[in-house]
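Student: Just passing along the structure, written as structure tokens.
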Amino acid sequence: MADEIRGVLFDIDDTLFDYTSSERTGLLGHLAAEGLLESFSSPEEAVALWRGIMEEEYTRFLRGELSFEEQRMVRVRRFLGRAIPDQEAWFGRYSALVTQAWAAFPDAAPVLEALAPHFKLGVVSNSSLQHQRTKLTTLGLLDHFGEAIVCSHEYGRAKPHPEIFLAGCELLGLPPGQVAYVGDKYDVDALGARAAGLRAFWLDRTGGSAVQEEGVTVIGSLEELVAALSPGRSTGDRAG
């Protein structure tokens, strides 16, 4: 018989927080303000190029090849196709507009509030702790997690490595068999959590997945997570 789930660990970006929408809004607003939007054939081309570069350089950061700040500067140079006098200031103006557009998904706060009386809650994120704590504070979600937050930059291991998932379980004070993990990336989040012995939930908000792999539960919203975990039957305490 499977262990009773007593804790839930969450990814943040595009799971609790609508990263994709805020990034698009911030980037297009920034390019328009800088007089650069017409340099691209369409807004979609600009967003696709920026996201492609981000994925590549952020992966280098996660591998330890670049610092958090260095990957930002490399992204600017590659995106613009040249070095500019003050890349840090350019990225800062972009980041400010993205921050203005930050928003949690509508189901995030209600679901965390529903789960908190019954489960220990925490976060495992491929980012820096300061950045993600600032984000959760801005979104009004930090109090649900307290100190139960582990980030790859400080921990030294990134998802899908099993160790970072297990570190999250340790913060909750629970064995992995009693912890669920929820994230939007199939390979990184769902398969990584499953390999570490957690109960894996893949959040596919598009609803287009046909994945039916053993050990991975596909959900289309966080509300489906509440139903799947049946919190009324759990006696776990709130983390933090």
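Student: Determine, yes or no, whether Asp189 is among the acidic types (Asp, Glu), surrounded by 19 or more Cβ atoms within 10 Å (Cβ to Cβ) and either under 20 Å from Phe119 (Cβ atoms) or without any contact (Cβ under 8 Å) to a residue 24 or more places away in the chain (or both). Outline the logic, then answer.
Tutor: Details: among the acidic types (Asp, Glu): yes; surrounded by 19 or more Cβ atoms within 10 Å (Cβ to Cβ): yes; either under 20 Å from Phe119 (Cβ atoms) or without any contact (Cβ under 8 Å) to a residue 24 or more places away in the chain (or both): yes.
Spelling it out, Asp189 is indeed among the acidic types (Asp, Glu), surrounded by 19 or more Cβ atoms within 10 Å (Cβ to Cβ) and either under 20 Å from Phe119 (Cβ atoms) or without any contact (Cβ under 8 Å) to a residue 24 or more places away in the chain (or both).
Student: Return yes or no: is Gly183 of a type in the set (Gly, Ala, Ser) and modelled with pLDDT of 95 or more?
Tutor: yes
Student: Does the range 129-166 hold any residues that are buried (at least 17 other Cβ atoms within 10 Å of the Cβ) and of a type in the set (A, V, I, L, M), and which are they?
Tutor: Listed by number, the residues that qualify are Leu136, Leu139, Leu141, Leu142, Ala148, Ile149, Val150, Ala158, Ile164, Leu166.
Student: Exactly one of these conditions fails for Asn126: (1) open to solvent by less than 10 Å² (accessible area, probe 1.4 Å); (2) touching a residue at least 60 places away in the same chain (Cβ under 8 Å); (3) touching a strand residue (DSSP E or B) at 6+ places or on another chain (Cβ under 8 Å). Give me its number.
Tutor: Exception for Asn126: condition (1).
The values are calculated or read from the model by the stated rules, or taken from the named source; none is laboratory data. Fair warning: this is a prediction, and the values are worked out from it, not measured in the lab. Cβ atoms come from the backbone with ideal geometry, glycine included; neighbour counts cover every protein chain shown. Ligands, DNA and RNA are excluded from the accessible area calculation, which covers all protein heavy atoms including side chains. Shrake-Rupley method; radii C 1.70, N 1.55, O 1.52, S 1.80 Å.
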